[in-house]
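Remarks on the structure that follows.
The values are calculated or read from the model by the stated rules, or taken from the named source; none is laboratory data. From a predicted model like this one, the values you see are computed outputs, not experimental measurements. Don't worry about glycine lacking a Cβ; one is built from the backbone with ideal geometry, like all the others, and counts go over all protein chains shown. Each accessible area value is taken on the protein alone, full model and side chains, heavy atoms only, with ligands, DNA and RNA left out. Shrake-Rupley method; radii C 1.70, N 1.55, O 1.52, S 1.80 Å.
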Amino acid sequence: MNHHIQKLFGGASAVISAKASRGNNPFAKPLLSIAEVKAPKSELLTTLPALTLNLLRYRTSKVPVGRAAHEIEAFLKQHQIEVILCEFGNRALQIAPIAGRLGIPVFTYFRGYDASKLLNEGSYPAAYRRLMPQLAGVFAVSAFLLKNLEKHGIRHPNAHVAPSGADTDLFQPAAKTPQLIVAAGRMVAKKMPLQMTDVFIDVARSNPDAQFVFYGDGAHLEECRARVRSAGLEHQISLPGAKPHAEIADTLSRATIFAQHSATEKNGNTEGLPSSIQEAMACGCAVVSTRHAGIPEAVIEGETGLLVDELDFKAHAEALKRLLADPKMTADMGIAARQFALAHLDKAKLTAKIEAIMAAAVNG
């Protein structure tokens, strides 16, 4: 999202945010925070008919009315907005009806939960079906998400797969450190850091020369560290917490293997195509991950990495051991991963693709 703000159409962008900015505007772009629009208390009664009409027309109550709608319209006019990209499908539900009244083409970009978890919630599928004719086009970070939408009768004739991509200049291979394995992700339950820490402990015990760096911060970080200490493997497994992007890129550039275990949550929430995997591939890492969401679209089994079933942590450990036992296969997969990233995951090329498709809608 931040990359689009900075790079699409040469950075000639303005931002409408659903969240409160609290005075934070890191990109110094024209910014409207819907959450900060103050409507008078009396407005509730006067806007009730409009809310009811929106619910009937759009199958959602998310479309702003009253002062919020007025502020959005005024913002779009003031900054002479010609085309809109709504990051996440549920944000398009809010903006498309308003932009439509002004004749502004709207695109949306499905990224994960908006095309998985939300499809199991209330009226979202019906609202998305009503949304599609209002849009000039749709992007998704993986074909998996587009197929997921299609299962609910949600489709658009101008739909495109556009992964979030990786900066292939920042993320690129360096001299590789043999048997260096990297993982990165928030240390929260749905990312399964405890299970992956146990996987690394298992692999480390049978591979004393292997080194593991597991980046990320969160509620389970200390417990993960405690498990490593209890196993007596602090000399092999490092959990440094959250670190700057540049530091992670440097470590990835030297790593031979990247490990991530993504799985579908009980509420149906899935990834789209994890950015961390795309960045690791750009760095020339062989990837060991799961057959989850859009991951198999990038991690080609046996070519750019190895895949295991979701929640099969024993298989994940065995796959890592297999790569550690075969440095040539690991190196070949890393080279293929870099080539795949250059061809299909380069952020600059993907941004240019999105820009060209959006420009075509403006130019008719």
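Overview of results
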quantity	calculated
Rg followed by Dmax, in Å, when region 147-220 is reduced to its Cα trace	18.5, 54
Fraction of accessible area attributable to carbon and sulfur, the chain (%, probe 1.4 Å)	53 percent
Chain lengthening between Ala14 and Leu194 when straightened (0.36 nm per residue, less Cα-Cα)	60.7 nm
From the C-alpha gyration tensor of region 28-158, square roots of 5λ in Å	25, 18, 13
Links that overshoot a 22 Å alpha carbon limit, given the list Lys38/Lys62; Lys191/Lys243; Lys266/Lys321; Lys151/Lys266; Lys62/Lys349	Lys266/Lys321; Lys62/Lys349
Tail fraction, Cα-Cα pairs, region 1-100, threshold 19 Å, whole percent	45 percent
Region 280-344: mean projected area of Cα convex hull, nm²	3.9 nm²
If the convex hull is drawn through the Cα atoms of region 220-364, its volume per residue in Å³	154 Å³
Equivalent-ellipsoid semi-axes of region 184-289, from the Cα gyration tensor, Å, largest first	20, 18, 13
Ranked by how many other beta carbons lie within 10 Å on average, peptides 62-71, 270-279 from highest	270-279, 62-71
Residues of region 210-241 with amide N under 16 Å of a point placed 7 Å along Cα→Cβ from Ala325	210
Gain on full stretching of the segment that runs from Glu303 to Ser21 - 0.36 nm per residue minus C-alpha separation	97.1 nm
Total formal charge among the other residues, if their Cβ is under 15 angstrom from that of Ala246, Lys/Arg +1 and Asp/Glu -1	-3
Segment Glu265-His79, length gained on full extension (0.36 nm per residue, minus Cα span)	62.9 nm
The chain, accessible area per residue, ligands and nucleic acids excluded (1.4 Å, Å²)	46 Å²
Per residue convex hull volume, Cα atoms of the chain, in Å³	144 Å³
Computed [θ] at 222 nm, helices only, for the chain once each DSSP H run of length n ≥ 4 contributes -39500 (n - 2.57)	-13000 deg cm²/dmol
